[in-house]
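Read the structure below first, then the notes.
The values are calculated or read from the model by the stated rules, or taken from the named source; none is laboratory data. Nothing here was measured: the structure is a model prediction, and the numbers come from that model. No Cβ is skipped: glycine too gets one built from the backbone with ideal geometry, and neighbour counts run over all protein chains shown.
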Amino acid sequence: MHRVVALVRPVQSTFELGCAAEVFGTARAGVPQHYEFEVCTEAPGPVPTTAGYAMFVRRGLQALRRADTVIIPGWAPVEAPLSTRVRSALLQAHSRGARLVTICSGVFALARTGLLDGRSATTHWARAEQLQREFPLVKVEPDVLYVDHGDVATSAGAGAGIDLCLHLVRQDHGAAYAALLARHMVMPPHRDGGQVQYAPPPAPIEALDGLLAWAGERLGTALSVDDMAAHLNVSPRTLARRFADQLGTSPGAWLLSRRVTEARTLLEETDLPVDAIANRVGLSSAVNLRRRFRALVGTTPGAYRRAFRVT
């Protein structure tokens, strides 16, 4: 069981903590439980929250010694220094292989450990300039939802923390499990980390006058952007504008992402050979699937299947 520990401090944001708890700590009927979730703080006892009440936290920093993932769900005020004990606990957790994750302003705490020096990171767009000013060795990316380096990961403001947490679930246990969890949360199954912070969230499948559902049913055909435009009786330029306005992406990028997502599910849930999967999702050949898959997922279809095959 993967142990996730959230490190909180006064005054703790209830929303950022809730993002982590909802993804990693909520038991749901019909959803396998792959994570253990707990909360710790430097001084156990009542911890004031932004909601006006105090929560009682029993665990101290010793909880980080056994964590597989440590989450810092916000850090307020952002100017607050790290105590020697907290800094040491975070560095020790990282040195033994724990993944350190921040939501929103939590990046300010992680930056004070030095683990982000020379690396890219993000935070809420309103704090990006301050982050860059205070930590010039960090490569701040103000326009993305999250940045994942494997051992450390950072997210933009508030809701982007859910996107990052679901992304980590996807990395740990595959796309099918993450999608199942997202459905129970009534959340979009995937927003790519490179999507800009101020872009609208992914539209529901009924959006664009049903085009997304129509296209999803035809992934195995030689479906093109021109075909999608023709289905709505609009020009490709108008279609591109509508995609940008409603989904924050292009029709071609959406279609490719949808095909690769379907390929991931088939790799997890079927024994179909790679060339058959390529044909089924409209990528025509195993070579093309491997190229597209590596570009979007960062690994090969074969390696992905071995890692995330549902048994």
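Among the residues of region 42-59, are any surrounded by fewer than 18 Cβ atoms within 10 Å (Cβ to Cβ) and among the β-branched types (Val, Ile, Thr)?
Yes, region 42-59 contains at least one residue that is surrounded by fewer than 18 Cβ atoms within 10 Å (Cβ to Cβ) and among the β-branched types (Val, Ile, Thr).
Mind telling me which of the residues LEU255, LEU180, LEU212 ends up being modelled with pLDDT of 90 or more, out of contact with any helix residue (DSSP H, G or I) (no Cβ under 6 Å at 6 or more places or on another chain) and in a helix (DSSP H, G or I)?
LEU255
Only one of (1) surrounded by 13 or more Cβ atoms within 10 Å (Cβ to Cβ); (2) more than 19 Å from THR122 (Cα to Cα) fails for ARG96. Which number is that?
That leaves (1) as the condition not met.
Going by what's in this entry, would GLU268 be described as farther than 21 Å from ALA213 by Cβ and within 23 Å of the chain's Cα centre (by Cα)?
Yes.
Kindly indicate whether THR49 is in contact (Cβ under 8 Å) with a residue 24 or more places away in the chain, touching a strand residue (DSSP E or B) at 6+ places or on another chain (Cβ under 9 Å), over 18 Å from ALA153 (Cβ atoms) and of a type in the set (Val, Ile, Thr).
Here the answer is yes, as THR49 does meet what is asked.
Taking the options VAL78, VAL31, VAL70, name whichever one is at pLDDT 95 or above, outside any helix (DSSP H, G or I) and either surrounded by 17 or more Cβ atoms within 10 Å (Cβ to Cβ) or assigned by TED's automatic domain parsing to the domain that holds ALA153 (or both).
One residue alone meets the criteria, VAL70.
Anything in region 1-28 that is of a type outside the set (A, V, I, L, M, F, W, C), part of a loop (DSSP other than H, G, I, E, B) and closer than 15 Å to ALA178 by Cα? List them, or say none.
Result: GLY25, THR26, ARG28.
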